[in-house]
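Novice: After the structure tokens below, expect a handful of questions from me.
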Amino acid sequence: MLAASLLGIVVPHAHAAPSVIKVGVTPGTHAEIMEQVRRHALNDTLKLEVVVFDDNKRIDAALAAGKIDAASFEDGPAFEAQRRRYALASIGSTVTLPIALYSRRLTSLTQLQRGATIAIPADAAGTARALVLLQNFRLLTFSDRAGLHATLADITGNRLHLKIRQVPQAQLFAALDQVAFAVIGSADAAKASLYPARDSIGIEDARSPWQNVLAVRAGDRGEPWVTRLLAAYHSEPVAKFILERYQDSVRRPW
């Protein structure tokens, strides 16, 4: 039989799987969950190393440069923005760190009065995410064309005539004394010892567009180890850990 090279057939070189898969994460929730993934992956003889970055802005660059093999730290819209800079691919969802509605005055949204003042994050990404959540609770409507980039200018309906105050994220907890409720992100809520499943009057769905993703370099997307890594993350032992450790304040979209 003639060799493929003599027949003029170009045979692509298979990528050699790394002996140890390095996964970049941020401290806290993502690092804790990935450590559980690492332990479970050993049952499949897949060796993982959890690499914790104190600065999340360095992770995508490290992945693109080949310093790590995968990353688990950012939500879908944030990841899509990074794809304009780096050749990366999302291979599946990880967890949702939900934003939620917190109040010192209300125990239920049914108590919300017409004309009440509410607070939402002031930054563009936080504003959009909060507005989508408020639309899901049928408090607001806004133009479909706004999508995941909604602003106050896109609001087309406000049935309770709510007064919406944009507040810097770090000041939202303090604003609870002045508003009916505030929309606070998971990290800022945790700093104030608030947990969505326990303390909120409304919580973002697990299958939010802002669910977090597991990312690899685009060229590695079809590699067998990538499929095994995602399967380890989506395993029953990891799901059980997430539920027991975070009590639905960290949510699973899978």
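Novice: Could you check how much of the accessible area of segment 41-85 is carbon and sulfur, as a whole percent, using a 1.4 Å probe?
Specialist: 42
Novice: Another question, then. Using Cα positions and a limit of under 19 Å, work out the lysines in reach of Lys57, with same-chain residues fewer than 8 apart set aside.
Specialist: The reachable lysines, counting only those whose Cα sits under 19 Å from Lys57, are Lys22, Lys67.
Novice: Output wanted: per-residue J couplings in Hz (rounded whole) for segment 243-251, from phi through Karplus 6.51 cos²θ - 1.76 cosθ + 1.60, θ = phi - 60°, x for Gly and Pro.
Specialist: Along segment 243-251, the couplings run 5, 6, 6, 10, 6, 6, 7, 10, 10 Hz.
Novice: So how tilted is helix 29-41 from the main axis of the chain? Cα-based, degrees 0 to 90, rounded to 10.
Specialist: 30
Novice: Given just the C-alpha atoms of segment 195-254, how large is their convex hull per residue in cubic angstrom? Can you show the working numbers first?
Specialist: Working: hull volume 5.3 nm³, N = 60.
Measuring per residue, one finds 89 Å³ for the Cα hull of segment 195-254.
Novice: In segment 159-254, carbon and sulfur make up what percent of the accessible area (probe 1.4 Å)?
Specialist: 50
Novice: Test of the criteria: in segment 37-128, which trypsin sites (Lys or Arg not before Pro) are in a DSSP loop and have at most 10 other Cβ atoms within 10 angstrom of their Cβ?
Specialist: Arg84, Arg85, Arg114
Novice: Apply 1/(1 + (r/R0)^6) to the Cβ-Cβ distance of Thr110 and Arg39, taking R0 = 45 Å, and write down the FRET efficiency to the nearest 0.05.
Specialist: 0.55
Novice: Additional query: For segment 102-156, what class follows from the C-alpha gyration tensor (a ≥ b ≥ c being the square roots of its eigenvalues): rounded when a/c is under 1.5, otherwise prolate if a/b is larger than b/c, else oblate?
Specialist: Since a/c reaches 1.5 and a/b is larger than b/c, the shape of segment 102-156 is classed as prolate.
Novice: On to the next question. Averaged per residue, what accessible surface does the chain expose to a 1.4 Å probe, in Å²?
Specialist: Details: 13340 Å² over 254 residues.
Heavy-atom SASA per residue in the chain reads 53 Å².
Novice: Would you calculate the separation in nanometres between label points at Arg145 and Arg228, each defined as 7 Å from the Cα along the Cα-to-beta-carbon direction?
Specialist: That separation, rounded to one decimal, is 5.0 nm.
Novice: Over all Cα pairs of segment 124-213, how is the pair count split among 5 Å bins, expressed in % and running from 0 up to the last occupied bin?
Specialist: 3, 12, 24, 26, 21, 11, 3, 0
Novice: Relative to a virtual label point 7 Å from the Cα of Leu152 in the Cα→beta-carbon direction, which members of segment 171-198 show backbone nitrogen distances below 19 Å?
Specialist: 171-185, by backbone N distance to the label point.
Novice: Normalise the Cα radius of gyration of the chain by 2.2 N^0.38 Å (N = residues in it) and let me know the number.
Specialist: Rg over 2.2 N^0.38 Å, computed on Cα atoms: 1.19.
Novice: Using 0.36 nm per residue of separation minus the Cα-Cα distance, give me the extension gain between Leu243 and Lys67 in nm, one decimal.
Specialist: 60.2 nm
Novice: Once ligands and nucleic acids are excluded and a 1.4 Å probe is used, how much of Trp254 is accessible, expressed in Å² to the nearest 10?
Specialist: Approximately 60 Å² for this residue.
Novice: Separation between the Glu49 and Arg83 pseudo-spin-labels, each 7 Å from Cα along Cα→Cβ, expressed in nm?
Specialist: Those two pseudo-labels are separated by 2.9 nm.
Novice: For a paramagnetic label modelled at 7 Å from the Cα of Leu160 toward its Cβ, which residues of segment 199-227 fall within the zone defined by backbone nitrogen distances under 12 Å?
Specialist: What the label zone holds, given the 12 Å backbone N cut-off, is 201-202.
The values are calculated or read from the model by the stated rules, or taken from the named source; none is laboratory data. What you see is a predicted model, and the numbers here were worked out from it, not measured in a lab. Please note: Cβ atoms are built from the backbone with ideal geometry, for glycine as well, and neighbour counts cover all protein chains shown. Accessible surface is based on the protein model in full, side chains and every heavy atom, while ligands, DNA and RNA are left aside. Shrake-Rupley method; radii C 1.70, N 1.55, O 1.52, S 1.80 Å.
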